[in-house]
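Below: one structure, written as structure tokens.
Since every read-out is calculated from the coordinates, none of them should be taken as a lab result. Quick caveat, the model's predicted, so the values are computed rather than measured. Backbone-built Cβ (ideal geometry, glycine too); neighbour counts: all protein chains shown.
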Amino acid sequence: MIRTQNIQKSYVIGEERVKVLHGVDLEIQPGEMVALTGSSGSGKSTLMNILGCLDKPDEGAYFLAGEDVAQLSEDELAVIRNQRIGFVFQTFNLLPRMSALENVGLPLMYAGETNPQAKAREALTTVGLASRVDHEPNQLSGGQRQRVAIARAIINNPAIILADEPTGNLDSQTGLEVMDLFTELNRQGRTIIIVTHEPEIAAYCHRQIKMKDGRLLEDNRLLENVQPAGNGPL
Ligand code: ADP
Ligand code: MG
């Protein structure tokens, strides 16, 4: 599903070039649920942005479902971000003056659908928010907001979900509930990568990868016999 070869990335800050990823080789199979851990500044978000086709590596190759991402045009990348990948962020990134239903329907609008309500309602039902469709984000709790964001992430039935510290702004009980939801989405066959600092959150994942200073330091599979679900959307 995901394969990177020697990915390198640096940022220029003022006069200085700071290298953030020093050659990342990573392979993730369809249906895996992976935790990406490591201290702040180790390059987790930078790597996630590259995996999500939001950013490009300076060097190295990235193959997504067999396709060489470097060969794709901006338009093709936009379609991949819209159709194949669902993003979930620590701060939810919902639009404040829009209802839950409207927020969830946005990726469908971008994909050209004029009538996203029915699917948006279905996605909100999947995340347990059928009774909150008309609420705006500020009328919802943190956990409910993150559920709305997850509904938005799955509305186009993506094969991959990338979540960057999705429980970072939630209390621990709510965080675990959100992880139950990710677990269910993984059971449906979706490949999921979750950045987290919290061991209880990482423990939900079959595989834990630890980064340090822009490199993969550890890669542990927790259970021997986990079968990738393999019957997912891609
Ligand atoms: P993590 O998510 O593991 O905390 P990041 O990938 O966000 O780490 O950041 C890794 C390093 O890259 C940090 O030192 C950070 O300051 C730097 N960095 C990240 N994004 C940018 C950017 N857009 N411009 C300049 N430096 C950046
Ligand atoms: Mg980060």
* Structure fact -> dims of the chain, Cα set, principal axes, largest to smallest, nearest Å -> 46, 40, 38
* With springs connecting C-alpha atoms under 10 Å apart, model the chain as a Gaussian network and identify which of Arg81, Arg190, Arg152 has the largest mean-square fluctuation. => Arg81
* When we measure straight from the Cα of Lys44, which lysines land under 24 angstrom away, once same-chain ones fewer than 8 places off are left out? -> Lys9, Lys19, Lys56, Lys210, Lys212
* Asked: How do 144-150, 111-117 rank on mean C-beta neighbours within 10 Å, highest first?
  -> 144-150, 111-117
* **Segment Leu54-Asp171, extension gain: residue separation times 0.36 nm, minus the distance between their alpha carbons** => 39.3 nm
* Asked: Could you give the dipole magnitude of the stretch 84-145 about its Cα centre, charging the beta-carbon of Lys and Arg +1 and that of Asp and Glu -1, in debye to the nearest 20?
  -> 120
* To do: State to the nearest 20 debye the size of the charge dipole of the chain about its Cα centre, where the only charges are +1 on K and R beta carbons and -1 on D and E beta carbons.
  => 260
* Asked: How much mean residue ellipticity at 222 nm does the chain get from its helices, if each DSSP H run of length 4 or more adds -39500 (n - 2.57) and you divide by all residues, to the nearest 500 deg cm²/dmol?
  -> -9000 deg cm²/dmol
* Asked: What is the extension gain from Gln83 to Gln188, computed as 0.36 nm multiplied by their sequence separation minus the C-alpha to C-alpha distance, in nm to one decimal?
  -> 36.1 nm
* Asked: To the nearest 10 degrees, how steeply does helix 74-83 sit against the main Cα axis of the chain, on a 0 to 90 scale?
  -> 50
* Inter-site label distance for Gln29 and His197 at 7 Å from Cα along Cβ, in nm -> 3.3
* To do: May I ask for the angle, rounded to the nearest 10°, between helix 142-154 and the longest principal axis of the chain, with both axes built from Cα atoms and the value confined to 0 to 90°?
  => 80
* Measure nothing but the geometry: give the 0 to 90° angle between the long axis through the Cα atoms of 117-126 and the longest principal axis through the Cα atoms of the chain, rounded to 10°. => 70
* **Efficiency of FRET between Gln71 and Asn6 - r from beta-carbon atoms, R0 22 angstrom, step 0.05** => 0.80
* Asked: How many nm is it between the label spots at Asp134 and Leu106, if each spot is 7 Å from the Cα in line with the beta carbon?
  -> 2.2
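Just add up the charged neighbours of Met109: K/R +1, D/E -1, any other residue whose Cβ is under 14 Å from the Cβ of Met109.
Taking every other residue near Met109 into account, the sum is 0.
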* Structure fact -> Unit-weight point scatterers at every alpha-carbon of the stretch 100-187, Debye formula, q = 0.22 1/Å: log10 I(q)/I(0) is -1.09
